[in-house]
Amino acid sequence: MKQKLSMRSYIFLSSMLFGMFFGAGNLIFPIHMGQLAGRSFGAATVGFCITGVGLPLLGIVAMGVSRSEGLFDLGMKVGKGFSYFFTCALYLTIGPLFAIPRTATVSFQVGILPYVPEAQRTLGLFVFSLLFFVVVLFFSLRPSGIMTWIGKILNPIFLFLLGILIIAVFVRPMGPVSAVEPSEAYLQHGFTTGLLEGYNTMDALASLAFGIILITEIRKLGVTEPAGISLSTLKSGTLAVALMALIYGSLTYAGAQSGNVMAAAEDGGIAFHEIANYYFGSFGSVLLGVTITFACLKTAVGLVTSCATTFEEMFPKLASYRSYAIGFALFSFGLANVGLSRIISLSIPVLVFLYPLTIMLIFLCIIGGSFHYSRTVFCWTIGFTTVAAVFEFVRALPESLLGRAAAFTASLPTVLQAPGLFFGTLKQLYEALPLASVGMGWALPAVAGFAAGLLAMAAGKRVQ
C-alpha cells in the first residue's frame, strides 16, 4: 500500500484539521488577550501558543506515535475505568457541554447581536442558533464527506475572509503597540497569563478527539503502515498548527494595536466587532459576521462528528451515530441559549481539571517507548496528577459557590465539619506548592507521580 502522500494531500489534510481546530475561541481569545497585554503581547503570544498550538500538535503526535485507535484506546493505557471516565469527560467538554454551544453564541454575538434590538435578543439568539444547528446537522449526518466539507469548502472560505481583516491590520496600523500599557496581570506575568489563556481554546483536548479523524482520513488515502501513519500525522499536524500560530500572532497584534484608539472590550467578540468596524465600517461588521460564522460552523461540524462517532463506538447498543449526532446538536442548541459569558465561566473549572490529565497523558504516550508503555508508570503518574487536578478544579469554582459551600460546612455539627476542614487544610498546602500561584501547582505532583511510577516499575511492582 502507498506509504507517501503528495503535497496536495497534505494540504487538504492540514486544511481539514485546521478547520476543525480553529473556531470560536481561537478568534475571540487571542484578540482580547492582545487588548489586555498591550506592549507585553509578545510574551503573552508565546505563552498562548505553547498551550494553544504546541500542545495540540503534541496531542496529534501522541496519537500517532502510540499507535492508538482513538482517545479511548489512549486512556486504556491507564485502565478501562479511567478510559471511560476521561473519554466521556473530554468529549462532553469539547462537545455539547461547552465548545459546541459556544460556536453558536459567538457567531450570534459578533455577527448578529449588533443589529438586533435589545428587547428581541433572546428571541434572536433562539432563531439564529436553531438555523445554525440545522446546518451543522446537515453536514454532520454525512461524516464520510468531512474532508470535503471542511478541508476543501468551509475552511478556504473562512481563511479568505479572515485574511482580508488581518491584511488591513498590517497595511493600516492603529498605532504603535509600544504605547499601549498592559493590564496588571500581563505586566507582572505576561508569559504565564498567556499560557493559561491558551487553555480556553480547548485545542489540546480537541487534538485527542480530532486525531483519530485525521488518522482515518490518512488511511483512506492509502497509508496503512503504523510508521507511515505516524509520519503523515506529524506532517499534517505541523502544517495545521503553524498556520494557527501565524493567525494567533496576527490577532494578538491586532488587539494590542487597538489600545491606541479604543478601550479594552468586555470580551473578544466585542473587541473583534469594534476592530472590524474601525477598518471597514458597516461592511466590516458584515464581513466579520460571515467570517465568524464560517469559523464556528466548521468547528461545530467537526465536534459533532467526532463526539457522535466516539459515543457510538463506546456505547453501540445505546444509540446509532445518527441518533447521537441529533442528540448532541439538540442539547447544544438548548445550552447555546444560556449565553456566551455563562458558558465560558462554567467551563473554566472543568478545563483546569482536564488539562493537567491531558498534558500528562500526551507526555506519557510520546515517551512511552522508553518505559515500554508500562501501565504502572501511567497509573502512578495519572493518579498523582488527578489528585492535583481536583484542587485546581476547586480553586477555579466561582467565589459565590465556594462561599455557599463554606457556609454550609460551618452550619454542620462539629463532628461533621472534620472532612471539610481537612480538605481545606490540604487545599492550603497545595496552594503553597511551586507554580500554584500561576495555575500550575499540579506540575510537581505530576512529576512526583512519574518518578514513583518508574521506581515501582523498576522494583517489579506492577499495577494489575
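If I take R0 = 35 Å and measure r between the Cβ atoms of Tyr115 and Ala179 in this structure, what FRET efficiency does the formula 1/(1 + (r/R0)^6) give, to the nearest 0.05? Write down the numbers at each step before the final one.
Details: r = 33 Å, r/R0 = 0.95.
Plugging the Cβ-Cβ distance into 1/(1 + (r/R0)^6) gives 0.60.
Scalar couplings 3J(HN,Hα) for the range 452-460, obtained by applying the Karplus form with A = 6.51, B = -1.76, C = 1.60 to θ = phi - 60°, are 5, x, 5, 5, 5, 5, 5, 7, x Hz; x denotes Gly and Pro.
For Ala451 and Asn337 in the same chain, what is the full-extension length gain: residue separation times 0.36 nm, less their Cα-Cα distance, in nm?
36.4 nm
Total lysine pairs in the chain at Cα distances under 24 Å, for residues eight or more apart or on different chains: 15. Can you list the residues, at least 5 places off or on another chain, whose amide H is less than 5 Å from the amide H of Gly441, using H built in the peptide plane? So Gly441 has HN proximity to Ala436. Per residue, the chain exposes 42 Å² of solvent-accessible protein surface, assessed with a 1.4 angstrom probe and all protein chains in place.
Treating the beta-carbon of each Lys and Arg as +1 and of each Asp and Glu as -1, no other charges, what is the dipole magnitude of the chain about its Cα centre, to the nearest 20 debye?
Numbers: 25 positive and 17 negative charges, 257 e Å.
That gives a dipole near 1240 debye.
Look at the dipole of the range 192-292 built from charges on Cβ: of Ser258, Ala206, Pro226, the Cα furthest out on the positive end belongs to Pro226. Taking label points 7 Å from Cα along the Cα-to-Cβ direction, Leu433 and Ile153 give a separation of 4.7 nm. Sorted largest first by accessible area at a 1.4 angstrom probe radius, with every protein chain in place, the residues Leu130, Leu214, Leu113 fall in the order Leu130, Leu113, Leu214.
Determine, from the Cβ-Cβ distance of Arg67 and Ile167 and an R0 of 35 Å, the FRET efficiency 1/(1 + (r/R0)^6), rounded to the nearest 0.05.
Values: r = 42 Å, r/R0 = 1.19.
That pair, Arg67 with Ile167, gives E of 0.25.
The values are calculated or read from the model by the stated rules, or taken from the named source; none is laboratory data. In this text, all values refer to a predicted model and were calculated from it rather than measured experimentally. Cβ sites come from the backbone with ideal geometry, for glycine too, and all protein chains shown count toward neighbours. Keep in mind that these areas ignore ligands, DNA and RNA; they rest on the heavy atoms of the full protein, side chains included. Shrake-Rupley method; radii C 1.70, N 1.55, O 1.52, S 1.80 Å.
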